[in-house]
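K.L.:
The structure that follows is given in the form of structure tokens.
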Amino acid sequence: MNTSFRDKFDSCWGYYGFDSRLRYTKPHKKTLRKWTKLKSFKKNDNIGNEVFKTSHSSLATSSLLFKKEAKKTRMNLKLPIFLCFLLSYTLHAQIGGDNTYEFLNLPQSARISAMGGLQIAIVDNDVNLANQNPALYNPDMHHQFSVGTVAYLANINYGNVSFAHNFDSLYTAGIHLQYINYGEFDQTDATGQIIGSFAGGEYALNIGLGQQKGRWSYGTNLKIIQSAIAGYNSFGLAADIGGTYYNKESNFVASLVVKNLGRQLTTYTPENIEPMPFDVQLGVSKRLKHLPFRYSITAHNLHRWDIRYEDPNQNETNALFGDDTLQQKYIGDKIFRHLVFGGEFYFGKNVNVRLGYNHLRRQELRLQNRGGLTGFSFGAAIHIKRFRIEYGRANYHLAGGAHHLTVAINLNEMKSPLFNKNKKKPEEEDTEL
């Protein structure tokens, strides 16, 4: 092990009390102070979770180099390695840059984008809702077809195609295809000279099934995931499991969903399995009786408490001991970062206006002294005969946001006998969007 690598390793892992050979020693005060300053310098960029994506990659690279060197020794290093990796994963509470296949968490319809980015507790004929919660599959989604596209940030484009079919009112099945295209990038060598180009994209085929029993319903989605970036490929499987309670008389819905249970089957690089974007979500919604309005509240990341970005600029220095800082609790902020609020106004049967607020998005992407409309979203929908056209606008930053367009078609009203042979009577159709 050369000296330069040993120094870099000690400056990083010495914080935990291990030297370059992973022999446990008491952490030195200078090492602790040096590492604390290094963390403060990295966090001072105030760019939220993106900075931890970089630091996470750096730690992973260092660990791979260390594994190659450790094979030359006769020491049993399994327990120290496990302890170091465990500590490195629990050092920060932030959630950005930790998982693979993060595109699975992007909103898959303009309606969902307009209502804050999450929606798991509305029961109607919108087939895209079943992609968020498979327990929302219901007979009203029979032969509903939807296609959507998003002009995302940095010229990235993503979208989806969805379709559902009901089997004799017992089960409702759906198929969803979602994709994201990262575009084309310049490929450079170590000196920065352009030597070519490369592209990247990810895809997921989602097959779902749901059943209703009285006021209760349940369902599951199976996701087949393919990712290809610059010649590196990965294949994985994931599943969503959901349950919903729906009181039709009071127009109240409550749902619980466990998302993205699974793993990578093939990895981008050998022996480097990355975690899935696992999430536990709880949502409620209610349409008011005497007002054409529905509100919804969705809680996410319920399997972890603290998802707050630790900004060192907000730490208060102890006047008596300059090196110490007073950590504030921020209990209210920690609670609201788990919540997404949405609202939907109904102007007759054919026009909807939607609003949303995502507190986590606002707190992590706003400027320090100016927030603007970051975290807020809005949209509208219009129903014209068999077509429903939806638009959603999500504000991610003062520099820009994302425009989402979705077109849904009720194939039951098509003249083709392939779709209208099981067509419902007009009085049985759900008129609610």
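K.L.:
Specify the residue that is surrounded by the most Cβ atoms within 10 Å (Cβ to Cβ); the eligible residues are those in the stretch 170-221 that are touching a helix residue (DSSP H, G or I) at 6+ places or on another chain (Cβ under 7 Å) and of a type in the set (S, T, Y).
P.N.:
If we take residues in the stretch 170-221 being touching a helix residue (DSSP H, G or I) at 6+ places or on another chain (Cβ under 7 Å) and of a type in the set (S, T, Y), then T172 is surrounded by the most Cβ atoms within 10 Å (Cβ to Cβ).
K.L.:
Among residues belonging to the stretch 139-158 that are surrounded by 21 or more Cβ atoms within 10 Å (Cβ to Cβ) and farther than 16 Å from L411 by Cα, point out the one that is modelled with the lowest pLDDT.
P.N.:
So, considering only residues that are surrounded by 21 or more Cβ atoms within 10 Å (Cβ to Cβ) and farther than 16 Å from L411 by Cα, the one modelled with the lowest pLDDT is Y152.
K.L.:
If a residue must be of a type in the set (D, E, K, R), touching a residue at least 12 places away in the same chain (Cβ under 8 Å) and outside any helix (DSSP H, G or I), how many such residues does the stretch 124-170 contain? Talk me through it step by step, then tell me what you get.
P.N.:
Start the filter on the stretch 124-170 by keeping residues that are of a type in the set (D, E, K, R), which leaves 124, 126, 140, 168.
Those left that are additionally touching a residue at least 12 places away in the same chain (Cβ under 8 Å): 124, 126, 140.
Filter once more, keeping what is outside any helix (DSSP H, G or I): 124, 126.
Of the residues in the stretch 124-170, 2 are of a type in the set (D, E, K, R), touching a residue at least 12 places away in the same chain (Cβ under 8 Å) and outside any helix (DSSP H, G or I).
K.L.:
Additional query: Residues in the stretch 373-385 that are in a strand (DSSP E or B) and within 21 Å of V147 (Cβ to Cβ): how many? Break it down stepwise before answering.
P.N.:
Taking the stretch 373-385 first, the residues in a strand (DSSP E or B) are 376-384.
With the extra rule that they be within 21 Å of V147 (Cβ to Cβ), the set shrinks to 377, 379-384.
Looking only at that region, the number is 7.
K.L.:
Right, another one. Of the conditions (1) under 25 Å from I335 (Cβ atoms); (2) surrounded by fewer than 17 Cβ atoms within 10 Å (Cβ to Cβ); (3) among the charged types (D, E, K, R), K259 clears all except one; give me its number.
P.N.:
Here K259 clears every test but (2).
K.L.:
Also, I was wondering about something else. Have a look at R388, R370 and point out the one that is more than 22 Å from G283 (Cα to Cα) and part of a loop (DSSP other than H, G, I, E, B). Reasoning before the result, please.
P.N.:
Values: R388 fails: part of a loop (DSSP other than H, G, I, E, B).
Within the list R388, R370, the selection yields R370.
K.L.:
Condition first: of a type in the set (K, R) and over 20 Å from S217 (Cβ atoms). Can you find one or more residues in the stretch 272-286 that meet it?
P.N.:
There is no residue in the stretch 272-286 that is of a type in the set (K, R) and over 20 Å from S217 (Cβ atoms).
K.L.:
Something else: Scan the stretch 234-255 residue by residue and report those that are buried (at least 20 other Cβ atoms within 10 Å of the Cβ) and under 20 Å from H303 (Cβ atoms).
P.N.:
G236, A238, D240, G242, T244, S255
One line per residue, one yes/no per condition, for (1) aromatic (F, W, Y); (2) in a strand (DSSP E or B):
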position	(1), (2)
F185	yes, yes
T191	no, no
N206	no, yes
L209	no, yes
G219	no, yes
A228	no, yes
F235	yes, yes
K259	no, yes
P270	no, no
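K.L.:
Further, regarding this structure: Pick out the one residue from G400, G379, G375 that is at pLDDT below 90 and either polar (S, T, N, Q) or assigned by TED's automatic domain parsing to the domain that holds N166 (or both). Walk me through it before giving the result.
P.N.:
Values: G379 fails: at pLDDT below 90; G375 fails: at pLDDT below 90.
Criteria check complete, one pass: G400.
The values are calculated or read from the model by the stated rules, or taken from the named source; none is laboratory data. Remember, it's a predicted structure, so these values are computed and weren't measured experimentally. In this analysis, Cβ positions are derived from the backbone assuming ideal geometry, glycine residues included, and neighbour counts consider all displayed protein chains.
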